[in-house]
Every structure is written in structure tokens, then in C-alpha cells.
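Here is the structure we will look at, set down as C-alpha cells.
The values are calculated or read from the model by the stated rules, or taken from the named source; none is laboratory data. The structure presented is a predicted model; accordingly, all values stated were derived computationally and were not measured. Here the Cβ positions follow ideal geometry from the backbone for every residue, glycine too, while neighbour counts run over all protein chains shown.
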Ligand SMILES: [Zn+2]
């Protein structure tokens, strides 16, 4: 008789122990908002100042987005992580390579690109986001050019440069990666730079940047605070924040992890972008549909990351895969909605009942679907006989 009582009591203790050991990630996933509908935004970085071929490509991307409508009749949305300056190669060459000189997106040479951006924004298919004044820190790129002929040639090229061609560590704007491991930039330099780039963004697009995404996902507290001052409401993250480049040049020094809806100490709301959709790297339409379906099961939005290089390098194939992916996502999730990250962030902040599900059953289903991603939790739960908790 005593043994029969001990068995469930022991099991209850074991289960309580498992939940206690994982209390923080379990609670964080319970607090994370649950969306009422499947949501998709395509997030495409690196557009703006750069190759003139972008003007035509942006027009073709916009036409593709227009052709796919969600259940409410809204066309597909692509955010453009905008870069607002590239080197002015001719001026740098004229100065003997001694001094950096930038060419901004406001330059007359970029008129066709600006027009294509405007047309897409007015049609509701493009939403500009702040990626950075430059896709590098100018002093860093100058220091690297002094010893690296490829970077020097890139810097003085008369044609608007492709920042994708820079060594990866140099593409991080918010650290000095002239030598590795990287060193932090001065806070005052970051504040000044963000103030300037927010002004450039306002002059180009007529509004403060509402959403920011750091180049190569390397940034820190000072950057977030400066973004907030500049009007940024939401920060796109991959779920963790790297703050440096390590000795091998990889993003490192991660000091924070985050889930969608968490608020940065500096004020902006974090969003997580964690579906990778790069057609030129072989990602197919099904990958996008799978990403949307899985996020929908978890009560999350699917923010799908893609880059300009797909469209510059393989325009026809990438556009075809993008359109097929959008159609596949629609076919998989009949209730799919296209929504921009800024709209999503506002819906979360305001707990908008049109988007946020607060019913206990829906929250429980989404929570269970999120648990398998917690490192070691699924294994511990199965060993303890708690496998039924996992969706
Ligand atoms: Zn980028």
C-alpha cells in the first residue's frame, strides 16, 4: 500500500524537478505572444546604394510580390534592409586612397534605384528598414585596404560597389574588425553615426526608421540605445546578439538571447528572424512553406531572411523561387497574412486582439510546440516520462 503511494509521489517530484530546472526558458515561451493567424514577411537585406542593376531588379521583385495575395487581399510584403552609402571610388582614387569618401543613396546616379524603391513602397509591397549608412565602418575598411589589395581595389572602383564582396568581418558596421578579434567602437562614435544615418533615412523615406537590423547581426547596447533615440521601435534579431568578431572572424561574444516580444533594456521590441530562404544557395519553395507552417504551429510569425545577392546573381531563378515559395506558403496555410515587422511589433506591444490570441487553449498548444527547441529539455522530458508535454 505504502509503495503504491510512493510511486506517484516520486514521479511528481521528478516532474517538478524537470520543470524547475528549465523554469526560465519554459516561462519565457509561455509569456511569448501567440498569433491568431499564420504571418509571413520576406526580409531582404543589403538593398540601396550600390549596383545600378538594382533598379530593374526591384521593379521585378515588386511585380512578383503584387501577384501573390493573402486571404485579406493584401500583396506579399518584403522589407528591404537599406544601405544608404557606398564608397565614392573615383574621389577616393583621386585623393590617392588616403581619405574615405562616400556616395549616398541621395546621389543623382541612384535616381532609378530611389524611384523603384518609392514605387514599391507606394504599392505596399516594400517596407524600408534601417540596415546602416554603410555595410562597414569606414575607418575599418580604410585600415584593411592599406594592407589588402583586393579591398583597396574594391574601394577605388569607379562603379558603385557591391558590399557583399568585402571580407565578412569587415561587413560588420558596429565593431572595428580591422584586426581580429575585433575591438569595440567608442560609444560617442556609435551615437554620432546612428544620429547621422537616421537623418539620412528620414531624408530619403520621409519617416524615422521604425525597424533596424544590424549588418551581419553584430551590435550592442549602445547601438540599441542610439536606435531608440532615433525612433526605432523594433530590432530584428536571429534570437541572439553577437557583439564582436572572434579571432577567426566569426560573429561571437553573444551576450543575450531573445524571443519575439521581449523588450530590450534600451526600449525597442525584439523580433526573431529565423527562417533562411536564399534561392541562390539552393533553398526551394517548400522551405518557405515549411517555415511558415512550423512557425504557425508555434503561434509565431515567419520572418524569412533573404539577401540582395540572390537577385543580383541569379535573378530569373531567384524570382521564380520567391513567387513559388509565396504561393506554396499560401497553399499550405489558407489563413496566411502578409504583415510587416513594424506592424507586427505594434500589434504585440498593443496586445491587439485582431492579431494576438489570449485564449488558454491556443496559448497551451503554441507553448507545447515551442518546447522541443529548448536545448536538452526534450530529452529530459522524455526520460522523466513527460514526453506527452511536447506537442
Ligand atoms: Zn547585410
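Details
- Candidate set from region 136-163 (those that are in contact with a strand residue (DSSP E or B) (Cβ under 7 Å, 6 or more places away or on another chain) and part of a loop (DSSP other than H, G, I, E, B)); member that is farthest from the ligand (Cβ to nearest atom): 160
- Region 31-75: number of residues that are within 16 Å of the ligand (Cβ to nearest atom) and within 24 Å of residue 261 (Cα to Cα): 4
- Residue within region 333-352 that is under 18 Å from residue 65 (Cα atoms) and more than 23 Å from the chain's Cα centre (by Cα) present: yes
- Residue pairs whose Cβ atoms lie under 8 Å apart, sitting 6 or more positions apart in sequence or on different chains, and linking a residue in region 2-16 that is assigned to a helix (DSSP H, G or I) to a partner that is at pLDDT 75 or above, are 11/385; 14/384; 14/385; 15/384; 15/385; 15/386.
- Annotation: residue 311 fulfils all but one of (1) touching a helix residue (DSSP H, G or I) at 6+ places or on another chain (Cβ under 6 Å); (2) part of a loop (DSSP other than H, G, I, E, B); the unmet one is (2).
- Extreme residue, farthest from residue 147 (Cα to Cα), among residues of region 70-98 that are without any contact (Cβ under 8 Å) to a residue 24 or more places away in the chain and surrounded by fewer than 20 Cβ atoms within 10 Å (Cβ to Cβ): 73
- One residue from 102, 124, 132 being farther than 29 Å from residue 279 by Cα, in contact (Cβ under 8 Å) with a residue 12 or more places away in the chain and either within 16 Å of the ligand (Cβ to nearest atom) or surrounded by 16 or more Cβ atoms within 10 Å (Cβ to Cβ) (or both): 102
- Members of region 315-337 that are surrounded by 14 or more Cβ atoms within 10 Å (Cβ to Cβ) and without any contact (Cβ under 8 Å) to a residue 60 or more places away in the chain: 318, 320, 321, 324, 325, 328, 332
- Evaluation of residue 306 against (1) without any contact (Cβ under 8 Å) to a residue 60 or more places away in the chain; (2) in a strand (DSSP E or B) (one fails), failing number: (1)
- Residue list for region 194-226, restricted to those being within 16 Å of the ligand (Cβ to nearest atom) and in a helix (DSSP H, G or I): 197, 201, 215, 216, 217, 223
- Residue in region 227-239 that is within 16 Å of the ligand (Cβ to nearest atom), free of Cβ contacts under 8 Å to residues at least 40 places away in the same chain, buried (at least 18 other Cβ atoms within 10 Å of the Cβ) and outside any loop (DSSP other than H, G, I, E, B) present: yes
- Counting the residues of region 164-191 that are within 16 Å of the ligand (Cβ to nearest atom), free of Cβ contacts under 8 Å to residues at least 40 places away in the same chain and surrounded by fewer than 16 Cβ atoms within 10 Å (Cβ to Cβ) gives 1.
- Residues of region 268-291 that turn out to be in a helix (DSSP H, G or I) and more than 18 Å from residue 336 (Cα to Cα), as a count: 3
- Test result for residue 141, within 19 Å of the chain's Cα centre (by Cα) and under 21 Å from residue 82 (Cα atoms): no
- Residues (within 23 Å of residue 128 (Cβ to Cβ) and out of contact with any strand residue (DSSP E or B) (no Cβ under 7 Å at 6 or more places or on another chain)) located in region 239-268: 266, 267
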